[in-house]
Amino acid sequence: MQKALSKRKYVIVLIFYITGILFVMRLFYIQIIDRSYLLSANSNVLRHITQYPARGLIYDRKGKLMVYNEATYDLMVIPRQVKNIDTLELCRLVGIDLPTFRDRMKKIREYSVYRPSVFEKQISKEAYGFLEEKLYKYQGFYVQPRTLRKYGKPIAAHTMGYVGEVSPDICESDPYYKSGDYIGISGIEKSYEENLRGHKGAKIIMVDVFNREKGSFQDGKYDTIAEMGKNLYASLDMEIQEYGELLMTNKKGSIVAIEPSSGEILALVSSPTYDPNLLVGRVRSFNYNILAQDSLKPLFNRALQATYPPGSTFKLVHALVGLQEGVLNLQTRYGCSMGYSFGSVHVGCHAHGGPLDLIGSIAISCNAYYCNVFRTILDNSEFPNQAEGYRTWRNYVTSFGFGSRFDTDIPNVLSGFIPRNEYFDKYYGKNRWKFLTIISLAIGQGEILTTPLQLANLAATMANRGYYYTPHIIKAVGDLNHQQEKYREKHTVPISRQYFEMVVEGMYQVVEYGTAHYYKMDSIPICGKTGTAQNPHGKDHSIFIAFAPKDNPKIAISVIVENAGFGATWAAPIAFLMIEKYLKGSIAKKEVEERMINGNLMNVK
Amino acid sequence: MREERNIFRNIDWILVFLYLALVVIGWINIYAAVYNEQHGSILDFSQRYGKQMVWIITSIVIALILLMMDPKVFTAFSYFFYGISVLSLLVVLLIGKEVSGSKSWIDLGGFDLQPSEFAKIGVNLAVARYLSTLNIRMEDFRTKVNTFMLIGIPAILILFQDDTGSALVFSAFIFVLYREGLSGNVLIIGALVIVLFVVALMINKWIIISLLGVVAVVWFFLIKKNRRDVISLLGLFVLVAGFVYSVDFAFHNVLEDHQKQRINVLIGKETDLKGAGYNVNQSKIAIGSGRFFGKGFLEGTQTKYNFVPEQSTDFIFCTVGEEHGFVGSVIVIGLFVGLFVRLVNAAERQRSGFARIYGYGVASILFIHFLINIGMTIGLAPVIGIPLPFISYGGSSVFAFTILLFIFIRMDANRLQLV
C-alpha cells in the first residue's frame, strides 16, 4: 500500500515542474517577445521635458538693446496622468471657474491625452510660487518656464513684428513646432525666426507614480541642451527711429532712412504706430483685435506696404534716363507757360521764370520740362516707335528697384507698379497708346506706384551716384562684426556717373534756392527733391526724398506725409530734422521741430 | 555532544542552501524596491530592508534553536501547537488590528504578529500527527471528516478575518491527502472544476450546456446501451450542467464586487487599467520591461517609483523581473521548484509517517504560495494578497516559513535514528 502510494510522489513533482515551466514560458512571453511592456514602462516613468531656449535678443546698430526676454510660466497638463486632484483649489489658484476648467480639459483631451498641453498660459508669479510648492498634489500638471518678448522703448513696432503661438497648420507641416510653441508672426521676428528661436533641448527625467521628479534618466545621456537663439543687430538707429516716430505724431505716413554706403535701414517709421508691448503674451489677441479694428490702421506698415505715385521725385529718374539716352543735356531748355499743352492735353505747372535748363528744372520742379523730356525719350529715333521707347525707359526705371520687390529681410515688402507695355496694350489696345496717352507718367503720376522704401532707395542711389545695396534691416547675426554677406552685392544702374553728378547738383539746388529752400540748413549740404502725390480720395500727399551730406553721403531718406499737400510743407522739414538729428545729434531750429511734432494732420482728408 | 555533531552532519545542506539563497535574494530585492538615496545605509532600521535584515538574522537564530531541539517535541506537542494556533486566530478576531481590509494582525508593540502565518505550522503538525496515528486510514470516511475539520476550522477562522488569500493556502493539503491515499480523482475533479469554473464565466452558460449536451449525445451513441450507463451518463450531464449554471449564479449573486472584478480582470473580461486591473497591469509592465538581463540592481523604475503597489510584499517578484530580467526570474523559479522537489524527495525518505506527511505539507504550503503569488504578478492568477515565501517583506511571514521549514529539516536530520 505505502509502496503504491509513494509512486504518487511523481504526480506531485510533475505538477511542480509543470507550474515552473508554465511560469517560465509566460515570463519569456512578457519579458522577451512582447515589447509593449517596455514601452508602457517608459511612458510610466519618463517625462520628456522640452527645454525652451531664450529667444535671441535684438540690438540696434550701436549695440543698444531693443528687444529682450522676460520669464513667465505656463501651467502644463498631461491629461492621462491627471488623477484625484482638488479641482476647486486648482481653479482658485489659476483664477478660473469650474465650467471653464471642464471645458478646457475636454478640449485638451481631444488634442491628446498623452502629450503635454498648455493648460494656462503665463500664470502670475504668485500663482507660480504657490503652485511650485503644491504641484505634487496635482498629478499630471507641471510648470513650464517660458520667455516673453519685452521692448525697452515702445518703438519700431512694425519692423520688430511680434511673436505668437504657432498655428495648427505650421505645427503639422514643420516637425520642429509643437502645439503651444511660439513663433515669429511678423516683422523681423518672422523673417529671422530660425536665427532667433535657437534650438530646443530635451531633458528626460524620471518621475514616480505621484509625478514627482526623481532625477535624470541615465544621468542625462539622452538629454540635449537648449541652444539660445542668435542675437540680431538691427541696422536701425534707435535714436532717430524714436525721433522719427515723434515727428510723425498725429500724422499718417512714413519715414524711411537708409545708409547709402551699405543699404542698411536706419529708421523705418510708419505712422500711426503702436506700442509693441501690447502684442505680447496673454493680452496679445485682445489688443490685436482692437488695433485691427482701428480705422487708422495702426497695424498697417505704410513704409513697406503703402504705394503712392512718386510725384515730382520721379523727375530725377526722367532726367537721368534722358541724359543717358542722349536726348537731354545740361543746357537743354524748355519753355513753360503754366504747364505743357499739346492739342487737347494740358499738364499744369506753377508760376516760375523760364525757360529753365536741367538744373533749374529740377530745382523749380517744372512739369512742362519733364513732359518734354519724357516725350523725347519715347520719341527717340533709335526706336521704331514710342512703345519701344517706353520699353527702354521702363528698363531704366526698374533698374532703380521700382516695380519689383526687394529681396530683403523684412517680410511683406510690396513691389509697387511700373506698367509694362503689355499693360497699356491690354488697356488701350496694341499700338493705340502713345506718349500723350501716358503723359502723366512724366510728372510721376498716373499708373505708376512706388513704396516709401523704394523712394528712399532712389535717394540712396542718387547719393551713391548710380548704385545701391538692397535695403535691409538686420546688419549682423550673432556678432556685430558678422555683416550679412548677401546684402553686400552692389546693384548698378546703367547710367553713367557724370549724369548722376548733374542731377545731384539739381537736387542740391532744390534746397539751395528751389522748392525746398525754406527750411535750408547752413550746417549741412543737403540734396533733395520735393514731390506731391495726387490723391483721388482727398488732399495730396506730401513727399520729400533727400540725402546728406552732398559729398560722402551718410543718410538717404524718404518722407511721406499723407494729406499734407506740397512736399515742401511737411515732408521736407521732417526729412531735414531727421538728417540733422542723425548727423549732428541735436536740432538747431527748435521752433521747426516743435511745429512738426505738434502738427496734427490726422483729420485732414 | 556526539548526538549534536551527528545532527549537523545529517542536516540536508541543500535545503539549507536553497533557504539561504531565497532569503538573501529576497533581502536584495526588498532593498532595491524601497531604495532611495537619502537612506543609503543597509542598517537603517527605519527602512524596510533594515527591519527585514533583523528578521532574517532572528530567523536564523530560531532555525539554529530548532535544529538543537529534540524532534520528539514536535510530535508530542503537535496538537498543542494546533490549539494555540486556533486560539490565536480567535484572539485576532477579537482584538486584531485591521490593515488594508484584513483584520489579521495582533499589535505586539512594534511588531505586528499575523497569527494566520503561524497557523499553517500548527495545522501541518496536527494533520501529520493525526494521519500518522496507527490505524488511521485515509479511505475511512471518519478519517476524511476529521482531517477536513482539522484543516477547515482555522481556514474558516481566517476567512472571518477577510483574508481570503491566507485561507486559500489551506487548499495545499489536497496534495498531502492525495499522497496519503485520497483518491486521485480528487485532483482531477479539482482541476476540472477550476477549468469549468473559468469557462463558465467566460462563455455564456447556455452555450456550454448545449455543448455538453452534444458531447453527451455523441457519447450515448458510442457506448453499449445498457440502462445503467445511460442513467449515469444522464446523471453526469445534469451534474456538470448544474455546476456551470450555479457557478454563473454564484458569481453574480454571491461574490462581492471586488472579487468579481479581480476574476474578470484575470480571465480578460475586464481591462480597467486604472481600477481593478491596475495592479496586475503595472506588475506585468514592471516585469515585462526587464527584458532578458533586466535593468540592473537599483535601476528598476517601475518598482522604485511606486508604480507597482505593495512592491516589497506581495509584488516583490516585480522587482526581480524588472531589475534582473528573464534570467533572474528563471533563477528564482528554479530555486523554488528545486526546493519543492527536494522537500518531496526528502519527505519520501522518512521512516516515520509523521515526518513524511509534515514534509509534504511544507512542500505543498510553499508551493501554493509560489503558485498564487508569482501567478498573480505575471497575470496567470487573480490578485490574492499572499506573500512569496522567504522573499516577501514581513516579519511574521519570514519567521513562520523559517519555522515551518526548519522543523522538517530537524526531523529529516534525525531520519536515520529509530523513532
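Every read-out reported here was derived from the displayed coordinates using simple, explicitly stated rules and does not represent laboratory data. From a predicted model like this one, the values you see are computed outputs, not experimental measurements. Because the Cβ atoms are built from the backbone with ideal geometry, glycine has one as well, and the counts that use them run over all protein chains shown.
Against the globular-protein guess of 2.2 N^0.38 Å, express the Cα radius of gyration of the range A:245-344 as a ratio, rounded to two decimals.
Scaled against compact globular proteins, the figure is 1.68.
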**Complete:** Low-density loop trypsin sites (Lys or Arg not before Pro), the range A:1-44, at most 14 other Cβ within 10 Å, DSSP non-H/G/I/E/B, are A:LYS7, A:ARG35
**Item:** Above-threshold pairs, the threshold being 24 Å between Cα atoms, out of A:LYS251/A:LYS315; A:LYS137/A:LYS178; A:LYS315/A:LYS475; A:LYS315/A:LYS520; A:LYS554/A:LYS581; A:LYS230/A:LYS486
**Value:** A:LYS251/A:LYS315; A:LYS137/A:LYS178; A:LYS315/A:LYS475
**Fill in**
Taking chain A and counting helices only, DSSP H stretches of n ≥ 4 at -39,500 (n - 2.57) each over all residues, the nearest-500 ellipticity at 222 nm comes to -10500 deg cm²/dmol
**Item:** Choice from B:LEU298, B:LEU90, B:LEU255 showing the highest fluctuation, given a GNM over chain B with Cα pairs closer than 10 Å
**Value:** B:LEU255
**Message:** Using only the Cα atoms of the range B:240-387, what semi-axes does the equivalent ellipsoid have when each is the square root of 5 times a gyration tensor eigenvalue? Give whole Å, largest first.
**Reply:** 29, 27, 11
**Message:** Quick test of the membrane-span-like rule: which DSSP H helices of chain B reach at least 18 Å along their long axis (C-alpha atoms) with mean Kyte hydropathy at least 0.0?
**Reply:** B:13-34, B:48-68, B:78-95, B:115-131, B:141-160, B:185-202, B:205-222, B:227-253, B:316-348, B:353-377, B:395-413
**Asked** Under a 5 Å amide H to amide H cut-off, with H placed in plane at 1.01 Å, what residues pair with A:MET66 once short-range neighbours are removed?
**Response** A:ILE58, A:TYR59, A:ASP60
**Per-residue average of Cβ from other chains inside 10 Å of A:41-50** = 4
**Complete:** Scan of chain B for trypsin sites (Lys or Arg not before Pro) in DSSP loops with at most 16 other beta-carbon atoms within 10 Å gives a longest site-free stretch of B:1-136
**Listed residues B:GLY294, B:GLY395, B:GLY334, most fluctuating in chain B (Gaussian network, C-alpha, under 10 Å)** = B:GLY334
**Fill in**
Per-residue Cβ contact counts at 10 Å, fewest first, order A:TRP393, B:TRP206 as B:TRP206, A:TRP393
**Message:** Suppose each label sits 7 Å from its Cα in the direction of the beta carbon; what would the A:TYR427-A:TYR176 distance come out to in nanometres?
**Reply:** 4.3
**Message:** Would you calculate the convex hull of the Cα atoms in chain A and tell me its volume per residue in Å³?
**Reply:** 231
**Request:** Counting other Cβ atoms within 10 Å, keep those with at most 15, restrict to DSSP loop, and tell me which trypsin sites (Lys or Arg not before Pro) in the range A:343-419 are left.
**Result:** A:ARG405
**Prompt:** Which FRET efficiency, nearest 0.05, do A:SER344 and A:ARG80 yield, Cβ-Cβ r, R0 56 Å?
**Reply:** 0.10
**Item:** Evaluated over the protein assembly as shown, the Cα radius of gyration and Dmax, each in Å
**Value:** 48.0, 152
**Asked** Arranged from highest to lowest average of other beta-carbon atoms within 10 Å per residue, in what order do the peptides B:308-318, A:471-481, A:127-137 appear?
**Response** B:308-318, A:471-481, A:127-137
**Asked** With the contact rule set at Cα under 8 Å and sequence spacing of 6 or more, what percent relative contact order holds for chain B?
**Response** 26
**Separation of the A:GLN484 and B:VAL16 label points, Cα + 7 Å toward Cβ, nm** = 8.6
**Fill in**
Per-residue average of other protein chain Cβ atoms inside 10 Å, peptide B:375-384 -> 2
**Message:** What do you get for trypsin sites (Lys or Arg not before Pro) in the range A:267-352 restricted to DSSP loop and a cutoff of at most 15 other Cβ within 10 Å of the site's Cβ?
**Reply:** A:ARG333
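When N counts the residues of the range B:44-179, how does its alpha-carbon radius of gyration compare numerically with 2.2 N^0.38 Å, as a ratio? Working shown, then result.
Numbers: Rg = 16.9 Å, N = 136, 2.2 N^0.38 = 14.2 Å.
For the range B:44-179, the normalised Cα radius of gyration comes out at 1.19.
Remind me, relative contact order of chain A in percent, using alpha carbon pairs under 8 angstrom and six or more residues apart? Present the calculation step by step, with values, prior to reporting the outcome.
Values: 1246 pairs, mean separation 85.2, N = 605.
14 percent.
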**Message:** Per q in 0.13 Å⁻¹, report the Debye log10 I(q)/I(0) for chain B, using one uniform scatterer on each alpha carbon and no solvent.
**Reply:** -1.23
**Message:** From Cα pairs below 8 angstrom and at least 6 apart in sequence, can you work out the relative contact order of the range A:343-461, rounded to a whole percent?
**Reply:** 24
**Prompt:** Is any helix in chain A, taking whole DSSP H runs, at least 24 angstrom long along its axis by alpha carbon and on average at least 1.0 on the Kyte-Doolittle scale, and which ones?
**Reply:** A:8-28
**Complete:** As a Kirkwood estimate from alpha-carbon pairs, the range B:192-254 has a hydrodynamic radius in angstrom of 12.4
